[in-house]
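Each remark here refers to the structure printed beneath this line.
What follows is calculated from the coordinates using simple rules that are stated; it is not laboratory data. Predicted model only: the values in this text are computed from it and were never measured. Neighbour counts run over all protein chains shown; Cβ positions are idealised from the backbone, glycine included.
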Amino acid sequence: MPNTCSVCGKGAMSGQNIRHRHSGAWALRAPRTKREFKPNLQSVKTVVGGTPSRVKVCAKCLKAGKVARATA
């Protein structure tokens, strides 16, 4: 199961880390290294097609009420 929200499709995004060092040459002070921003996914038990099942949903969709949790 991929790391994407099953409701909105939000997935991992790439970016850069920037080191904030205050001495030395500019190229050595602030080098950029690759990193990955991952979504805040939660495993939620919900009703899909009449049967309860677990799906990965981002926190934003949970807070917005786009997913109804299955009762235990």
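Overview of values
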item	result
Alpha carbon centroid spacing (whole Å) that separates the range 31-47 from the range 2-19	5 Å
THR4-THR33 FRET efficiency (beta carbon distance; Förster radius 22 Å; 0.05 resolution)	0.35
Additional length obtainable on full extension of the chain from HIS20 to VAL48, 0.36 nm per residue less Cα span	5.4 nm
Percent RCO, i.e. relative contact order, over the chain, from Cα pairs under 8 Å lying at least 6 residues apart	30 percent
Long-range Cα-Cα pairs in the chain (distance over 20 Å), rounded percent	49 percent
Net lengthening on full extension, MET13/LYS56 (0.36 nm per residue, minus Cα-Cα)	13.8 nm
